[in-house]
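A quick write-up on the structure given underneath.
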Amino acid sequence: MKVSIDWLRQYVDCSATHLELVDSLPMLGLEVEESGNQSSSSLEHVVVGEILSKEPHPEADRLSVCTVTVSEQGEPAKIVCGATNFVVGDRVPVALPGAKLPGGFKIKKSKLRGVASEGMMCSAVELELGQDNEGLLILPDNPKVGTPVSELFQSDVTLELEITANRGDCLSHIGVAREMAAYYEENLKLPELKISAPVTNQPTDQNLIHGLSVETENCPFYSLWAIRGVKIGPSPDWLKTRLESVGARSINNVVDITNFVLWETGQPLHAFDAQKVTQQSIVVRQAMEGEKLTTLDGVERILDSKMMVIADSQKALVIAGVMGSIDAEVDDSTVDIILESAWFEPGNVRSTARRLGLHSDSSQRFARDVDPSGIEFAARRAIDLILEIAGGECIPEVVVAGEPPRGSRVIQIDQSFVEEKCGFSVDPGILVRSWERLGFQVEGTNPWSVEVPSFRSEVDRPIDLVEEFIRIYGTSKLTDCILSIPAIHRENDPSYDFFDRTIENLSGQGFQEVCNYSLRSGEEIKNWFPQLENEKIGLLNPLTADHTHVRPSLLPGLLDSLANNQKNLNPLSQVFETGRVFQPGPRGNVELLSVSFALFPHSVIREWKETDELDFFDLKRIIHRLFHGTGISLPKKKWCPIEDSSPWQNKHAARIGNVHQNKIEISSGIISLALSKEKEIRGPVLAVEIIIDPILLSKKRKNTTFQPFSTFPPAIKDLALVVDQNESAEQVRSSLELIAIDIAKGKFEVDPVTIFDLFSGKGMPENQKSIACSMRFRSPDRTLGENEVNAAFEKIVEKIETNTPYSLRT
């Protein structure tokens, strides 16, 4: 936001130079992004000249040849000019040869269509003294010929401030001046209102407002004021100068006044031509779906029912809080005015401006919450200026609907709290004066009751009062102290522990962790998970087009990471991510925990020895190690081919479990080659996605117990079993292990049974396969004898053939 230092000084007597202000304002939280000199002091060789004669150019119909005197003793100069808004005797700025105008334009003697020109008569725009480019700048009050133009205009400096979202009160000159007054311990001088406080009344034929109706909850308070008999015309120079200092364009006196009050107080106003308001009746309502309105910038806007408008009985006149329409604008024919001063819900104005792509000075302020107690002040200030500049008669009755949404609030705070947060002892007197300098009312003596005015809506907690004290006290005055950080006690969070163990485990297996945004684009989710097309979870007001939905999976982000590293030739081939995903469930949308990892099946580094490509069974090995390390049991289910293949390559991926039924679901295989190509990845990508319901982690983990290894050698027995082709290897292994443990109970111990061979094909019965397993028997206190091991082994074989569908392969 632009502010004029000269304008600021109207409200606070501050002797600080603009350079000192540039240093002090950031201490108050108002960052100065840019400062610029708005005076004409740099306009060297630009002086006051008087036009002595004006003759037509002999070779050009649209040019004139003027005789201009630029000094009391020197010879008059001949200057060719294209403007038409002057007469002989006018005094205008003249740029002499050698002058360098703003923008780098150099003036020198030249010929225009065959006639010599010894300088240039200038407009306000050419000298950056205004925005009027319709002709020459006619200087008022007949200044002395030869006077440097820079001496005629008061020097001013404008500052470009970065106002944070919570400081809407500083989007005005009075707001910034209030901060300056607090910092420099000066008094704030508000404009004196001349018009008396109005009487609230109902709409009548006598007050120009025949009806007012508010039909939406987005407008808690709305007021209308009426002025008869105004005369529309150009604004006085002081008003134009004020607006030009902040980059605003002068339109006419009434519109300029409403803009001036906006920049002065921060309260947006809107003036209607009363005769253009049908039946002079105002309705505040939500727009109708598809309703059209042409705004003051000449663009037709299509509205929807989430937007609020100010309308008459036939049409919408204003997009509430954003911009008016051309249908009721104040122009040269306007005689009677209806002035709006209101409070609109910030969220509605912010949403409307964003949806329309229409951001104005008004919407910026309404969206950050204007001061409810300033609504009447701003209206009365504008009416004072209208009566002074445009004339007319104010009807002393204001028509209102609703009540201002809030007043001041009281916060209780004591000295010990302030000192605890500041880290040093605070003098109570300094503390109270700091708050009072900001306009807060303080009552009591430790603890204090601090009344916060309505214009500071963001100050609503004791900690906010501490921050306000530090701002005014000054961070430069804070004493150095040893940093003391209390230990943070973390509650037992199963999901945190699970992620922590997962990160440690996968890092130990050679993976590198990545972190991606939890928001993805709707188009990406549609391509990767077409089964979720009608159930993907979107944001109501996404900030960007590629972050519109919460992620249902970590896989797209992992491939982004692999693609980025492959593109930049980084030797990163194994990545993993932990986080939360969001999916539709049987009873609505659910938040789930997810661990996913992805890798290339081959090494990305050129090696002297060829290495084997990784496959599905390597992924299973990584999964088993992960679950063993995290203490979670794998579901005792059979791996099944993934039918809804996306985002997996068809017939090259499998899944075990179902997160909604078993609280855990694991998918493993090759990512769809088409999706990998879409991410610009060369070659296939292996991936695993583990999705866990947090409820699963809430179960108490078994305590791990340690025991010494047996120092005696094991006895090893191998056997091969013929089983059905569809029988899972895990089912065979676990059945054999249970039988072995049962037979050996009370005699010796059995280590976990392992599988070391799988065979099918020639020599095997049809639809049969062979699974070879190894069993290890041992005792903690002796070496097992061959006879007892063989006896146990024979009983195991006998029980297999009797109690299972398996047979011993011979």
Residue check: is Val283 part of a strand (DSSP E or B), more than 24 Å from the chain's Cα centre (by Cα), more than 30 Å from Ile174 (Cα to Cα) and in contact (Cβ under 8 Å) with a residue 24 or more places away in the chain?
yes
Inside segment 407-421, can you point out the residues that are surrounded by fewer than 16 Cβ atoms within 10 Å (Cβ to Cβ) and farther than 17 Å from Arg456 by Cβ?
Asp414, Ser416, Phe417, Glu419, Glu420, Lys421
If I ask for residues that are modelled with pLDDT under 90, assigned to a helix (DSSP H, G or I), of a type in the set (S, T, N, Q) and farther than 22 Å from Ile671 by Cα, which ones from segment 479-533 would you list?
Ser495
Quick one: in segment 422-443, of everything that is within 32 Å of the chain's Cα centre (by Cα) and not in a loop (DSSP other than H, G, I, E, B), which residue is nearest to Asp460 (Cα to Cα)?
Trp435
Would you mind stating whether Leu572 is assigned to a loop (DSSP other than H, G, I, E, B), surrounded by 13 or more Cβ atoms within 10 Å (Cβ to Cβ) and among the aliphatic types (A, V, I, L, M)?
yes
Suppose we filter Glu215, Glu186 for residues that are out of contact with any Asp or Glu (no Cβ under 9 Å at 6 or more places or on another chain) and either in contact (Cβ under 8 Å) with a residue 12 or more places away in the chain or assigned by TED's automatic domain parsing to the domain that holds Ile472 (or both); which single one remains?
Glu215
Considering only segment 764-776, I want to know if a residue exists there that is outside the structural domain of Phe627 (by TED's automatic domain parsing), closer than 26 Å to Pro641 by Cα, free of Cβ contacts under 8 Å to residues at least 40 places away in the same chain and not aliphatic (A, V, I, L, M).
yes
Taking first residues from segment 542-558 that are in the same structural domain as Val688 (by TED's automatic domain parsing) and second residues anywhere that are of a type outside the set (Val, Ile, Thr) and in a helix (DSSP H, G or I), the pairs with Cβ under 7 Å that are 6 or more apart or on different chains are Thr548/Gly522; His549/Gly522; Pro552/Leu532; Pro556/Glu524; Pro556/Trp528
Within segment 64-76, track down each residue that is touching a Leu at 6+ places or on another chain (Cβ under 7 Å) and in contact (Cβ under 8 Å) with a residue 24 or more places away in the chain.
Val68, Thr69, Val70, Pro76
Would you check if Val254 is outside the structural domain of Arg437 (by TED's automatic domain parsing) and farther than 13 Å from Ala390 by Cβ?
no
Among the listed residues Ala311, Ala316, which satisfies the condition of being free of Cβ contacts under 8 Å to residues at least 60 places away in the same chain, surrounded by 23 or more Cβ atoms within 10 Å (Cβ to Cβ), in the same structural domain as Thr278 (by TED's automatic domain parsing) and touching a Ser or Thr at 6+ places or on another chain (Cβ under 8 Å)?
Ala316
For segment 317-331, does any single residue satisfy the condition of being among the acidic types (Asp, Glu), in a loop (DSSP other than H, G, I, E, B) and under 21 Å from Ile174 (Cα atoms)?
no
When you check Ser476 against the structure, is it modelled with pLDDT under 90 and small (Gly, Ala, Ser), yes or no?
yes
Can you name every residue in segment 257-276 that is part of a helix (DSSP H, G or I) and over 11 Å from Ala379 (Cα atoms)?
Asn259, Phe260, Trp263, Glu264, Ala274, Gln275, Lys276
Given (1) surrounded by 13 or more Cβ atoms within 10 Å (Cβ to Cβ); (2) at pLDDT below 90, index of the condition Asn133 fails
(1)
Restricting to segment 260-295, give me the number of residues that are under 27 Å from Val3 (Cα atoms), touching a strand residue (DSSP E or B) at 6+ places or on another chain (Cβ under 8 Å) and of a type in the set (D, E, K, R).
0
Please tell me if Lys745 is in contact with a helix residue (DSSP H, G or I) (Cβ under 9 Å, 6 or more places away or on another chain) and either over 30 Å from Val581 (Cβ atoms) or of a type in the set (A, V, I, L, M) (or both).
no
Within segment 512-535, tally of residues that are surrounded by 17 or more Cβ atoms within 10 Å (Cβ to Cβ) and either more than 19 Å from Lys679 (Cβ to Cβ) or of a type in the set (A, V, I, L, M) (or both):
3
Within segment 234-250, which residues are surrounded by fewer than 18 Cβ atoms within 10 Å (Cβ to Cβ) and at negative phi?
Pro234, Pro236, Asp237, Trp238, Arg249
Out of all the residues in segment 357-377, is one or more at positive phi and under 20 Å from the mean Cα position of the chain (by Cα)?
yes
Candidate set: segment 177-210, residues that are closer than 23 Å to Thr258 by Cα and among the small types (Gly, Ala, Ser); chosen: the one modelled with the highest pLDDT
Ala177
Single residue of Val399, Val335 found to be assigned to a strand (DSSP E or B) and in contact (Cβ under 8 Å) with a residue 24 or more places away in the chain
Val399
For the subset of segment 338-388 comprising residues that are more than 30 Å from Leu543 (Cα to Cα) and acidic (Asp, Glu), which member is surrounded by the most Cβ atoms within 10 Å (Cβ to Cβ)?
Glu340
Which condition breaks for Glu186 when tested against (1) assigned to a loop (DSSP other than H, G, I, E, B); (2) within 30 Å of Gly392 (Cβ to Cβ); (3) over 32 Å from the mean Cα position of the chain (by Cα)?
(2)
Residue within segment 460-469 that is part of a loop (DSSP other than H, G, I, E, B), modelled with pLDDT under 95 and under 31 Å from the mean Cα position of the chain (by Cα) present
yes
Using the structure shown, decide if Ser64 is assigned to a loop (DSSP other than H, G, I, E, B) and either within 53 Å of the chain's Cα centre (by Cα) or surrounded by 15 or more Cβ atoms within 10 Å (Cβ to Cβ) (or both).
no
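The values are calculated or read from the model by the stated rules, or taken from the named source; none is laboratory data. The shown structure was predicted, so the numbers you read here are calculated from the model rather than taken from an experiment. A quick note on method: Cβ atoms are made from the backbone with ideal geometry, for glycine too, and the neighbour counts reach across all protein chains shown.
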